[in-house]
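Working notes, structure below.
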Amino acid sequence: MTTHATGSIPAIRSLKPLTDTSTPYISVESVRKVYHTADGDIEAVSKVDFDINSGDFVSILGPSGCGKSTLMMMMGGLETISSGRIVIGGEPVTAPRGDLGYVFQDPTLLPWNTVLENVLFPIRLRDGSTRKYHDRAQELLELVGLWEFRNKRPRQLSGGMRQRVAICRGLINDPALLLMDEPFSALDAISRDDMNAALADIWDRFHKTAIFITHSIREAVFLSDRILVMSRRPSTVCYDIRVDFPRPRRMEMQETLEFNELCGLLRKKIEEGYKVS
Amino acid sequence: MTQSQMIQPAGSSAMTVATPPVGWKLDPALRAIILPAVTAAGLIALWEAAVPLLGIPHVLLPPPSAIAVRLVQLFFPLILQHAIPTILESLIAFVISSILGVVLAGVLSSSKIVREALYPNVVFFQLIPKIALAPLFIVWFGIGSESRIAFSIFISFFPVVVATLAGLDNVDRELLRLCKALRASEWQVFRDVRIPFAIPYMFSGMKIATTFSIIGIIVGEFVTSQAGLGYLILFASAQAETELIFAAITVLCIFGLVFYGLVAMAESYLRKKLGS
Ligand SMILES: Nc1ncnc2c1ncn2[C@@H]1O[C@H](COP(=O)(O)OP(=O)(O)OP(=O)(O)O)[C@@H](O)[C@H]1O
Ligand SMILES: [Mg+2]
């Protein structure tokens, strides 16, 4: 593996291969979340248990309101955990970690900053100076085809372009774990296919750990190494399957029988999870 | 694919239908300037015509032409000499109340305790009919320009506080969540997110403050006058010099307009620079 000229900043193409998988990178242990609201308590997550190995792209599927976002927020340290615990890289999560990347449903870009400034925003907050990360920002923006838009403001971009900027921002600090909460749900079907292809492409080079929340079964099957299905509230993980399609993933894969069979199976599992409650 | 091709021609035909009828093909930006200007010119012409037609004495209401003549006759040195202190004092009061307003809004938004303790009182203070307090400022600050500037600040800083505070508070919750995820400090959130977000709000408060700061100075001049356009207006009214009153008011209007325009220009410059 060659390293980039900048030295300390790892280049995207030179990341190390998957690390040891004997101890899980993330373990979610009997996690429960209750929101205390004015109209009483809401049990958003009942009891969730799973482990995730380093390097896996894991999708979480489940009906609306079953607590997927809540679970992700707890993993990111953005919500408190009511009981149980989440351990990432050997440390229980209590507050936001510095080695995570986030992509939310909404791109949440700073409207007054340019595309490049937005991508570098996490670095500006962390280090003050962003100079050392310009090369990496360029590499990421080129990967998603937005380098020539680097000096544009978010409002001059389409929704899909904005979400790509948000993905670059999520990856700028070379996170060990990327958390994505329905990043493409606001996009139309065609942009969504484009984004899936772009993300699969990014993933082939980046190859870290990712949690990806989605409502789209096809999207989950296309992108993931593993898929967790959550049941409706009281929510738990009701199905867990590995997806062993070869990488790099290509759009044509979606026409194969295996792909569609897996989608059908998952649909059935989601329906079962829906009836559970 | 075929669907998007089918949508194309429908969309373009809708565009041609939407074209306004011939005769109103004026650029909307140009129209926004020309339409009110023509209306104003029409009203002034009406005024000009109405005075002789209805036989209104010039002491009650001089026609615009007479006001213009008097303005030119007396501009140098009389009107100018009185305009300068009014303009300077208004500008000083505006700058101080803008700074004070923004700083106070910053303090109120960053400290919950200060806010709970102070803000209701600030709001309550505003319920006082402030003009009635003008004489008090003379008691406190004497009859110099300090008392007028202090009074002007007193009435013009509040809109800046309210507007800026609204901006600092209304920041997108999602952006705040992102900042939290990125472990930004309170100060970083303030500097990188709240302040840029609040800039348009701040300017809307400052635009109101331009008018208020002029009102403050004029009222101050009414109360303790030795110089200034407010003094000139009082003086002219004592002499029944209605044309001079209107001439002074004209100068005030032009100043107010230019002042507001400068603030609006500063805003659009800053917004363009910040791209918001
Ligand atoms: N801050 C909150 N306060 C109170 N209740 C909340 C809060 N956030 C979420 N909830 C409730 O918790 C439950 C799970 O919400 P969550 O957003 O995690 O679901 P989700 O699976 O992400 O749904 P979707 O697929 O629609 O995004 C919902 O019933 C929701 O109303
Ligand atoms: Mg959600």
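The values are calculated or read from the model by the stated rules, or taken from the named source; none is laboratory data. All of these numbers come straight from a predicted model, not from anything done at the bench. Note that each Cβ is placed from the backbone with ideal geometry, even for glycine, and that neighbours are counted across all protein chains shown.
Of all residues assigned to the range A:211-218, at least one qualifies as being more than 14 Å from chain B (Cβ to nearest Cβ), more than 15 Å from ligand 2 (Cβ to nearest atom) and in contact (Cβ under 8 Å) with a residue 60 or more places away in the chain. Restricting attention to the range A:178-193, the residues being at pLDDT 85 or above and within 16 Å of ligand 2 (Cβ to nearest atom) number 7. So in the range A:115-147, with the set limited to residues that are buried (at least 17 other Cβ atoms within 10 Å of the Cβ) and outside any helix (DSSP H, G or I), which one is nearest to the other protein chains (Cβ to nearest Cβ)? In this case the residue turns out to be A:T130.
Of all residues in the range B:86-141, those being surrounded by fewer than 20 Cβ atoms within 10 Å (Cβ to Cβ), among the polar types (S, T, N, Q) and in contact with a helix residue (DSSP H, G or I) (Cβ under 6 Å, 6 or more places away or on another chain) number 1.
Wholly within the range B:131-213, which helices (runs of 4 or more DSSP H) include no fewer than the required count, namely at least 1 residues that are within 14 Å of chain A (Cβ to nearest Cβ)? Give the steps one after another, and end with the answer.
On the way: elements: B:134-141, B:145-169, B:173-181, B:186-189.
Answer list for the range B:131-213: B:145-169, B:173-181, B:186-189.
For the range A:41-72, what are the residues that are near ligand 1 (Cβ under 10 Å from one of its atoms), surrounded by fewer than 24 Cβ atoms within 10 Å (Cβ to Cβ), farther than 25 Å from A:G264 by Cβ and not polar (S, T, N, Q)? Residues satisfying the conditions are A:D41, A:I42, A:E43, A:A44, A:M72.
Report, by residue number, each residue of the range B:168-212 that is more than 21 Å from the chain's Cα centre (by Cα) and among the polar types (S, T, N, Q). Within the range B:168-212, B:N170, B:S185, B:Q188 meet the criteria.
Among residues of the range B:214-225 being in a helix (DSSP H, G or I) and touching a Leu at 6+ places or on another chain (Cβ under 8 Å), the one that is nearest to B:S97 (Cα to Cα) is B:I214.
Among the residues making up the range B:194-236, those that are within 17 Å of B:G261 (Cβ to Cβ) and aliphatic (A, V, I, L, M) are B:M206, B:I208, B:A209, B:I214.
Do we find that B:L26 is outside any helix (DSSP H, G or I), of a type in the set (A, V, I, L, M, F, W, C) and at pLDDT below 95 in this structure?
Numbers: outside any helix (DSSP H, G or I): yes; of a type in the set (A, V, I, L, M, F, W, C): yes; at pLDDT below 95: yes.
When the stated conditions are applied, B:L26 passes them.
For the range B:236-263, the candidate set comprises residues that are part of a helix (DSSP H, G or I), in contact (Cβ under 8 Å) with a residue 60 or more places away in the chain and aliphatic (A, V, I, L, M); within that set, the residue that is nearest to the other protein chains (Cβ to nearest Cβ) is B:V263. Within the range A:65-87, the residues that satisfy the criterion of being more than 14 Å from chain B (Cβ to nearest Cβ) and either polar (S, T, N, Q) or under 18 Å from the mean Cα position of the chain (by Cα) (or both) are A:C66, A:G67, A:K68, A:L71, A:S82, A:S83, A:I86, A:V87.
Residue by residue, here is whether (1) within 21 Å of the chain's Cα centre (by Cα); (2) of a type in the set (V, I, T); (3) closer than 13 Å to B:P62 by Cα; (4) at pLDDT below 95 holds:
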position: B:S237; (1), (2), (3), (4): no, no, no, yes
position: B:L252; (1), (2), (3), (4): yes, no, no, no
position: B:G256; (1), (2), (3), (4): yes, no, no, no
position: B:S268; (1), (2), (3), (4): yes, no, no, yes
position: B:G275; (1), (2), (3), (4): no, no, no, yes
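Just to be sure before I move on: is A:L100 out of contact with any Asp or Glu (no Cβ under 6 Å at 6 or more places or on another chain), more than 18 Å from A:L177 (Cα to Cα), more than 16 Å from ligand 1 (Cβ to nearest atom) and within 12 Å of another protein chain (Cβ to nearest Cβ) in the structure I sent?
On the way: out of contact with any Asp or Glu (no Cβ under 6 Å at 6 or more places or on another chain): yes; more than 18 Å from A:L177 (Cα to Cα): no; more than 16 Å from ligand 1 (Cβ to nearest atom): yes; within 12 Å of another protein chain (Cβ to nearest Cβ): yes.
No, not satisfied.
Does A:P183 satisfy being closer than 29 Å to B:R183 by Cβ, in contact (Cβ under 8 Å) with a residue 12 or more places away in the chain and touching a strand residue (DSSP E or B) at 6+ places or on another chain (Cβ under 8 Å)? When the stated conditions are applied, A:P183 passes them.
Every test in (1) in a helix (DSSP H, G or I); (2) within 14 Å of chain B (Cβ to nearest Cβ) is passed by A:W112 save one, and that test is (1).
Within the range A:80-128, the residues that satisfy the criterion of being β-branched (V, I, T) and at negative phi are A:T80, A:I81, A:I86, A:V87, A:I88, A:V93, A:T94, A:V103, A:T114, A:V115, A:V119, A:I123. In the set A:E255, A:E261, A:E219, only one residue is over 18 Å from A:F50 (Cβ atoms), acidic (D, E) and under 20 Å from the mean Cα position of the chain (by Cα); that residue is A:E219. Of the conditions (1) within 23 Å of the chain's Cα centre (by Cα); (2) within 21 Å of B:S204 (Cα to Cα); (3) of a type in the set (S, T, Y), B:S109 clears all except one; give me its number. For B:S109, the exception is condition (1).
Of everything listed in (1) basic (K, R); (2) out of contact with any Asp or Glu (no Cβ under 6 Å at 6 or more places or on another chain); (3) closer than 29 Å to A:I52 by Cβ, the single unmet condition for A:R85 is (2). Just the residues that are free of Cβ contacts under 8 Å to residues at least 24 places away in the same chain and within 30 Å of A:L125 (Cα to Cα), please, taken from the range B:125-179. Within the range B:125-179, B:R173, B:E174, B:L175, B:L176, B:R177, B:L178, B:C179 qualify. Look at the range A:14-34: where a residue is exposed (fewer than 12 other Cβ atoms within 10 Å of the Cβ) and among the small types (G, A, S) and a partner is assigned to a loop (DSSP other than H, G, I, E, B) and modelled with pLDDT under 95, sitting 6+ places away or on another chain with Cβ atoms under 8 Å, you get A:S14/A:M1; A:S14/A:T2; A:S14/A:T3; A:S14/A:H4.
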